Amino acid sequence: MRHNCYCSWESRSFGSLELFHPAAKSIMHLLYLDDAGSANNQNEEYFVLGGVSVYEAQTDWFTQELNRLASTVDSSDPTSVEFHASEIFGRRRPPWKNHSKEDAIGIIKGVLRVLQRSYDTARIFYLRSS
């Protein structure tokens, strides 16, 4: 099984998973991980583990920015909106059910723009096995 790790602050592949920027060793980060596929399922060609590492002091800013984006999806209850790519692209259940494919792509891009505008201590990474 081949493993590749990619991190947002570097444009190269790593042999092992390095989560934090070398200059950010003494600060606390919150880590969100999600996976797709199953490493033990021989019928699946890929297993992907992705994540976001956020400096703890940035969480309020991220919450405000994501709630602002969520209010464009459900203005009556933006805190109920969860940004799961598979749910957004599937558009089978509320609040995504009545959105077009173009809307779904725009929403995902909006989430990515929030990450892009964050401080340079936020990191996006993934590990793909094939």
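The values are calculated or read from the model by the stated rules, or taken from the named source; none is laboratory data. What you see is a predicted model, and the numbers here were worked out from it, not measured in a lab. Glycine also receives a Cβ, built like all others from the backbone with ideal geometry; neighbour counts cover every protein chain displayed. Accessible surface areas use protein heavy atoms only, side chains included; no ligands, DNA or RNA. Shrake-Rupley method; radii C 1.70, N 1.55, O 1.52, S 1.80 Å.
For region 103-130, the residues whose backbone nitrogen is under 19 Å from a point 7 Å from the Cα of Q64, taken along Cα to Cβ, are 111-122.
Taking 0.36 nm per residue of separation and subtracting the Cα-Cα distance, full extension of the segment from N40 to H84 would add 13.5 nm.
The string of couplings for region 67-84 from the Karplus curve (6.51, -1.76, 1.60, θ = phi - 60°) is 5, 4, 5, 5, 5, 6, 8, 9, 5, 6, 8, x, 6, 8, 7, 10, 9, 10 Hz, one whole number per residue in order, with x for Gly and Pro.
Counting only heavy atoms of the protein chains and using a 1.4 Å probe, R68 has close to 130 Å² of accessible surface. Residues R128, R123, R113 ordered from highest to lowest accessible area at a 1.4 Å probe: R113, R128, R123. Classified by the C-alpha gyration tensor, region 18-130 has an oblate form. Its axis ratio a/c, with a ≥ b ≥ c, is 1.5 or above, and a/b does not exceed b/c. Candidates W96, L112, P78 compared by Cα position along the dipole of region 72-119: farthest toward the positive end lies L112, with charges placed on Cβ.
Rolled with a 1.4 Å probe across the full set of protein chains, the surface gives K97 an accessible area near 120 Å². The residues neighbouring F47, those whose beta-carbon lies less than 10 Å from its own, together hold a net charge of -2 under the Lys/Arg +1, Asp/Glu -1 convention. The largest accessible area among S53, S71 belongs to the first residue in S71, S53, and the rest follow in falling order (1.4 Å probe, all chains).
Looking at region 46-130, the GluC sites (Glu not before Pro) that sit in a DSSP loop and have at most 12 other Cβ atoms within 10 Å of their own Cβ are E82. Summing Cβ point charges (Lys, Arg +1; Asp, Glu -1) relative to the Cα centre of region 88-129 gives a dipole of roughly 200 debye. If the chain linking S130 and S75 were pulled fully straight, counting 0.36 nm for each residue of separation and taking away their Cα-Cα distance, it would gain 15.7 nm. Ordered from largest to smallest accessible area (heavy atoms of protein chains, 1.4 Å probe), the residues V114, V48, V73 come out as V48, V73, V114.
Charged neighbours of V114, selected by a Cβ distance under 15 Å, balance to +1 (K, R count +1; D, E count -1).
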